[in-house]
Amino acid sequence: MIRTTGILSDRAIGTLFGEGRLTSERMLDQDQIQPASLDLRLGAKALRVRASFMPGRAHTVAEKLERLTLHEIDLEHGAVLETGCVYIVPLMEALDLPAGMSASANPKSSTGRLDIFTRVMVDNAQEFDKIPAGYKGPLYLEISPRTFPVIVRRGSRLSQIRFRIGQALLGDQELLDLHASETLVASEAPNVSGGGIALSIDLKGSGPDGLIGYRGKHHTSVIDVDKKAAHDVLDFWEPLYSRGRNDLILDPDEFYILVSNEAVHVPPLFAAEMTPYDPLVGEFRVHYAGFFDPGFGHAAAGGTGSRAVLEVRSHEVPFILEHGQVIGRLVYEHMQERPQGLYGSGVGSNYQAQGLKLSKHFRLG
């Protein structure tokens, strides 16, 4: 059964390409279409700009770039993007959306775990990462590495896009009913409000040493975003341990990888997203990369309830997190139909059945 509203599945995304609603400079990568999203690929050049900007209703991105570009970088054979700089990269993919279809973008999980700040822009936009219904035109990615310098190249995939028709968000009662039947988070008494279900932080740690997370180091070497298990953890990260205290002081503008106390489950007919910032839970940003595909933590797709890895950065002042403190909320949306593939089931998924886990780029030892 196909709903009239909801998030488009992998099958429907493939149809968009077949109909010319999605186009690209070259053939799709084999695993580019995910269960409920499409990975976006960098084009051939990056434009170093003076500052981040919004195109605004009266301008295209290209018009703003004519005034703000400092220099152009060739990405064909790879190039280093430095921390503290802002780059705009035209993407390979372009859109011609039908009138009733909109889209939203988000960094990929690996991008967020590297503290690479990314946002998709479109012509005449007044919001980042939001593509209005009926949009026709190019896509651009703003990239700003925050902690580590990175190597990217034409075809690198740092962001992903979801397509939706109509309103598909679940309300509070729908979330409670779905949790009762499917166990969305491993909690007997879920905290549901404002259309989201709360996740708390695990600061007791795992294993005999009580590992609770990692803090990014400064002045490291570069990370190649296209290479798996190519970098030693301790060259880039400082491990953090509970030491029996069950709390953690976040230093301002430091980057942390932490993990949720609860395991998360996204049933096959739903997609989820973590709200990136909630001022009600503290002065910090959590989870830069917010998409959870259908099948995340789902037993039939190889998961047993996967915990949410959290990318955390405090703002302005030091902030104390305590074990079990609410740190973010998941919102759930209906899929239009069940995807052909589920997260963790042969679709290039790297984080099924995860606990505390760094991005795929690192190896232990």
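Observations
- Given (1) under 24 Å from Ser109 (Cα atoms); (2) open to solvent by 50 Å² or more (accessible area, probe 1.4 Å), index of the condition Arg50 fails: (1)
- Scanning region 144-173 for residues that are open to solvent by less than 30 Å² (accessible area, probe 1.4 Å), closer than 29 Å to Ala99 by Cα, part of a strand (DSSP E or B) and in contact with a Leu (Cβ under 7 Å, 6 or more places away or on another chain) yields Leu158, Ser159, Gln160, Ile161, Phe163.
- Any hit, region 190-201, residues being more than 24 Å from Met27 (Cα to Cα), modelled with pLDDT under 95, among the polar types (S, T, N, Q) and not assigned by the TED database to the domain that holds Val259: no
- Tyr87 passes every criterion in (1) touching a residue at least 60 places away in the same chain (Cβ under 8 Å); (2) surrounded by 16 or more Cβ atoms within 10 Å (Cβ to Cβ); (3) hydroxyl-bearing (Ser, Thr, Tyr) apart from (1).
- Screening Lys228 on (1) over 19 Å from the mean Cα position of the chain (by Cα); (2) not in a strand (DSSP E or B) shows it passes everything except condition (1).
Conditions tested, residue by residue: (1) over 18 Å from the mean Cα position of the chain (by Cα); (2) within 19 Å of Leu158 (Cα to Cα); (3) in contact (Cβ under 8 Å) with a residue 12 or more places away in the chain.
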site	(1), (2), (3)
Gly56	yes, no, yes
Leu70	yes, no, yes
Asp74	yes, yes, yes
Ala94	yes, yes, yes
Ala103	no, yes, yes
Ser110	no, yes, yes
Arg113	no, yes, yes
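- Whenever a residue of region 174-189 is open to solvent by 20 Å² or more (accessible area, probe 1.4 Å), its partners that are part of a helix (DSSP H, G or I), lying with C-beta atoms within less than 9 angstrom and at least six residues away or across chains, give the pairs Ser187/His179.
- Any hit, region 296-309, residues being closer than 17 Å to Asp115 by Cα, crowded, with 22+ Cβ neighbours inside 10 Å and at pLDDT 85 or above: yes
Per-residue answers, yes or no, for (1) assigned by the TED database to the domain that holds Asp224; (2) open to solvent by less than 50 Å² (accessible area, probe 1.4 Å); (3) more than 22 Å from Tyr135 (Cα to Cα):
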residue: Leu28; (1), (2), (3): no, no, no
residue: Arg41; (1), (2), (3): no, yes, no
residue: Gly56; (1), (2), (3): no, yes, no
residue: Leu68; (1), (2), (3): no, yes, yes
residue: His77; (1), (2), (3): no, no, yes
residue: Asp96; (1), (2), (3): no, yes, no
residue: Pro107; (1), (2), (3): no, yes, no
residue: Arg113; (1), (2), (3): no, yes, yes
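The values are calculated or read from the model by the stated rules, or taken from the named source; none is laboratory data. Computed from a prediction, not measured in an experiment: that's the story for all the values here. Neighbour counts are summed over all protein chains in view; Cβ atoms, including those assigned to glycine, are modelled from backbone coordinates with ideal geometry. Just the protein is used for accessible areas: all its heavy atoms, side chains included, with ligands, DNA and RNA removed. Shrake-Rupley method; radii C 1.70, N 1.55, O 1.52, S 1.80 Å.
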